[in-house]
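First the structure, in the form of structure tokens, and then the observations on it.
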Amino acid sequence: MIKALKYIIPLVLFVAIAFLGWQLYKYFQRPEEIEVLPSRPGDVKEMARLCSMEIYNEVSVLDTVNNKVMFAVQKQSGSITFDIENIQIDDSGDTIKIVLPREIVEVYESNEKNAWEVIDTKAIGPMAFLRSNKFTTAEENRVKSKLKAKAIRRLYSNGTVRQARKDAVENLTRLMEGVYRKPVIVTDPTPSGTPN
């Protein structure tokens, strides 16, 4: 036993000193220098938008694609904005005249947890029991694309876009009166919006 300790103690001390030396080496080693090159922007497109309305919606969908039925729930987010960078402004007189541009309606799947939840799928038609109930990614994307188009049509039909354009006229009037310090008249050529 004593003979074994005679060899173990120096071995343990040697390993401890080697480990300590390695740690000290890492601590005092200079970090690598990083060369930072000047950046060159490729294509920069800046767009100023007047946001008139944020959208949040939770919709259910029952759709058929390739003889398969899907029932799902999607949480949608979006906005109705106006491109004020390309706005028509007549500032030649003592009153500023502005024409409200076309609205930009964006609806997309929310980034919340469980934003897309498939409740049930089923194959239908002849020989349905031989086919899979599962939807492919392409089939799911087809369902989501139809759902997005339907949501945008609903925003036009239920008056949401009309309200957003009305709010944009009021907001743009206040904003431009502060900028120009003159009376501002904002006209809306399409109060109900322009669906695609």
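Is at least one residue of the stretch 176-186 within 27 Å of the chain's Cα centre (by Cα) and in a helix (DSSP H, G or I)? Can you show your working first?
The initial filter retains those residues of the stretch 176-186 that are within 27 Å of the chain's Cα centre (by Cα), namely none.
No, the conditions are met nowhere in the stretch 176-186.
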Counting only residues that are open to solvent by less than 70 Å² (accessible area, probe 1.4 Å), of a type in the set (Phe, Trp, Tyr) and over 32 Å from the mean Cα position of the chain (by Cα), how many does the stretch 113-138 have?
-> 0
Reported set for the stretch 19-57 where residues are under 30 Å from ASP167 (Cβ atoms) and at pLDDT 65 or above is ARG49, LEU50, CYS51, SER52, MET53, GLU54, ILE55, TYR56, ASN57
Can you run down the residue pairs with Cβ atoms below 6 Å, 6 or more apart or on separate chains, where the first is in the stretch 122-136 and touching a residue at least 12 places away in the same chain (Cβ under 8 Å) and the partner is part of a loop (DSSP other than H, G, I, E, B)?
-> LYS122/ASN133; ALA123/ARG131; ALA123/ASN133; ILE124/ASN67; GLY125/ASN67
Going through the stretch 80-99 one residue at a time, which ones are surrounded by 13 or more Cβ atoms within 10 Å (Cβ to Cβ), over 16 Å from PRO183 (Cα atoms) and not charged (D, E, K, R)?
-> ILE80, THR81, PHE82, ILE84, ILE87
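Is it the case that ARG165 is among the basic types (Lys, Arg), over 30 Å from VAL69 (Cβ atoms) and at pLDDT 90 or above?
Details: among the basic types (Lys, Arg): yes; over 30 Å from VAL69 (Cβ atoms): yes; at pLDDT 90 or above: yes.
Yes.
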Is there any pair with a first residue in the stretch 58-80 that is acidic (Asp, Glu) and at pLDDT below 95 and a second that is surrounded by 13 or more Cβ atoms within 10 Å (Cβ to Cβ) and outside any strand (DSSP E or B) whose Cβ atoms are under 9 Å apart and which are 6 or more apart or on different chains, and what are they?
-> GLU58/SER110; ASP63/ARG142; ASP63/VAL143; ASP63/LYS146; ASP63/LEU147
By residue number, the members of the stretch 98-123 that are under 30 Å from VAL169 (Cβ atoms) and of a type in the set (Ser, Thr, Tyr) are TYR108, SER110
Open to solvent by 80 Å² or more (accessible area, probe 1.4 Å), outside any helix (DSSP H, G or I) and over 25 Å from VAL99 (Cα atoms) - does that describe any residue in the stretch 143-160?
-> no
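The values are calculated or read from the model by the stated rules, or taken from the named source; none is laboratory data. Only a predicted model underlies this, so the values are computations on that prediction, with no experimental measurement involved. Cβ coordinates were reconstructed from backbone atoms using ideal geometry, including for glycine residues, and neighbour counts include every protein chain displayed. With ligands, DNA and RNA removed, areas are computed over all heavy atoms of the protein, side chains included. Shrake-Rupley method; radii C 1.70, N 1.55, O 1.52, S 1.80 Å.
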